[in-house]
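Here is the structure we will look at.
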Amino acid sequence: MRSLSIALIAGVACAASSAHAARPDTRAMSCAQVQALIRSRHAAVLTTGPNTYDRFVRQFGNECDWPEVPVSIPVPTREGECRLYRCQEPVLDFPD
């Protein structure tokens, strides 16, 4: 029973560490590489910092749930900042 518990804990630890390693890091890629990855997958969850990540989408597509729309934000890449799109509710500013 003890060996089964140790094997189970080791398996969970490996799965947790490999899940983090599988997420691409924008800081290690060029802007063109990150944009090509998003275009090919239509949407991707990417690491953007030591403790941050986000889901990015194509500018023109249907990856956002209503009422969200693709909004451009800067993210760090190997070359500096790169503009990517993530889903966000639009800010409506109606005149009085």
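The values are calculated or read from the model by the stated rules, or taken from the named source; none is laboratory data. Owing to the predicted nature of the structure, the values given are computational and were not obtained by experimental measurement. Cβ coordinates were reconstructed from backbone atoms using ideal geometry, including for glycine residues, and neighbour counts include every protein chain displayed.
Right, ARG78: farther than 14 Å from ARG23 by Cα, basic (Lys, Arg) and modelled with pLDDT of 95 or more or not?
Working: farther than 14 Å from ARG23 by Cα: yes; basic (Lys, Arg): yes; modelled with pLDDT of 95 or more: yes.
Yes; evaluated as a whole, the condition is true for this residue.
Filter the stretch 48-69 for residues that are over 14 Å from ARG83 (Cβ atoms) and assigned to a strand (DSSP E or B); which is farthest from the chain's Cα centre (by Cα)? Before you say what the answer is, go through the steps one by one.
Looking only at the stretch 48-69, we keep the residues that are over 14 Å from ARG83 (Cβ atoms), and these are 49-53, 55, 60-69.
Filter once more, keeping what is assigned to a strand (DSSP E or B): 49, 52-53, 55, 69.
Values: GLY49: 11, THR52: 9, TYR53: 5, ARG55: 4, VAL69: 16 Å.
Filtering the stretch 48-69 for residues that are over 14 Å from ARG83 (Cβ atoms) and assigned to a strand (DSSP E or B), the one farthest from the chain's Cα centre (by Cα) comes out as VAL69.
Of everything in the stretch 73-84, what is part of a strand (DSSP E or B) and either under 13 Å from GLN33 (Cα atoms) or touching a Cys at 6+ places or on another chain (Cβ under 9 Å) (or both)? Give them in sequence order.
Taking the stretch 73-84 as the starting set, the residues that turn out to be part of a strand (DSSP E or B) are 73-77, 80-84.
Across the stretch 73-84, the qualifying residues are PRO74, VAL75, PRO76, THR77, GLY80, GLU81, CYS82, ARG83, LEU84.
Condition check ((1) assigned to a strand (DSSP E or B); (2) at pLDDT below 60; (3) in contact with a His (Cβ under 6 Å, 6 or more places away or on another chain); (4) surrounded by 10 or more Cβ atoms within 10 Å (Cβ to Cβ)) across all residues:
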residue: SER5; (1), (2), (3), (4): no, yes, no, no
residue: ARG23; (1), (2), (3), (4): no, no, no, yes
residue: ARG27; (1), (2), (3), (4): no, no, no, yes
residue: GLN35; (1), (2), (3), (4): no, no, no, yes
residue: ILE38; (1), (2), (3), (4): no, no, no, yes
residue: LEU46; (1), (2), (3), (4): yes, no, no, yes
residue: VAL71; (1), (2), (3), (4): yes, no, no, yes
